[in-house]
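The structure appears below as structure tokens.
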Amino acid sequence: MSKASASPATAAPAKKTVKPPAKTNPVRLGALLAILVFAILMLAHHYLLAAPATQKAYDDIGALFKSQNAKGVQNAAEGGKIDAKLLAPKDVQALLNRQPWYVDTHPDYTVECYWWYGLPDRNYVTVLYYGNGDRLRFNTHYQNQKPDPEDLPNAPLSNEPPALPDSDPPPTVEVGHQKVEKPATKVKPADVIKPAEEKAAESTKPAEPVKPAEAKPEEKPAEVKPADDKPAETKPVDKE
């Protein structure tokens, strides 16, 4: 009997190894969530609390300054001395019921900054005082802005000369209660060439009377003489 040849055994397929999903780091996830929550809280604080408080403080300082000036003017009208009663730092601190975030002191002026936290470039009011020591007096204040260099005492003046207009404005003439621009008179070339003395002489010289035109005698027509009626004389012809 013939033996059947056996087929070689087929190799089993290799199994694919599946990697487990990467685990998220809980610390990293917690940090990202904390940053997100912090950003949301800062925006909410800015729009709901800090920005309205900053605007209110700015308006209250301006209103108090105006009321103090009004009292000084009223006292002067009643015969008293003029006293502007400018605000001092203690007046502003009592009004806002808080201490300044920082104080920038100089020999002749001082700047106080009040900050309501939140965004670093928002939610603050700066107050500029002139003087030093206990003689600080309110000058002006700003919202979300540092003092303008031009408002500081002894600020350098600009060296640029003021710009001149291109042409002089036309003269005005009052008509009733209104001012009307006077039209510019044109200068004739002849008036420019003639000196002022000749113009004055021409203006004072009396005008010469106009002479009537002399009537010329009418010319008579030329006389026509009649031709002579005498016959023409004939000369005898000489015969040879």
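The values are calculated or read from the model by the stated rules, or taken from the named source; none is laboratory data. This structure is a prediction, so every number in the text was calculated from the model and none was measured. Neighbour counts run over all protein chains shown; Cβ positions are idealised from the backbone, glycine included. Ligands, DNA and RNA are stripped out before the accessible areas are found, and what is left, the full protein with its side chains, is counted by its heavy atoms. Shrake-Rupley method; radii C 1.70, N 1.55, O 1.52, S 1.80 Å.
Pairs of Lys residues in segment 29-151 are counted when their Cα atoms are under 20 angstrom apart and they lie 8 or more places apart or on different chains; the count is 9. Close amide H contacts of Tyr109 (hydrogens built in the peptide plane, cut-off under 5 Å, sequence separation of 5 or more or a different chain): Gly131. Computed from the C-beta positions of Asp60 and Ala34, the FRET efficiency with R₀ = 41 Å rounds to 0.70.
If I compute solvent accessible area with a 1.4 Å probe over the protein chains, what percent of it on segment 21-75 is carbon and sulfur? Could you put the intermediate results ahead of the total?
Values: 3060 of 4150 Å².
That share works out to 74 percent.
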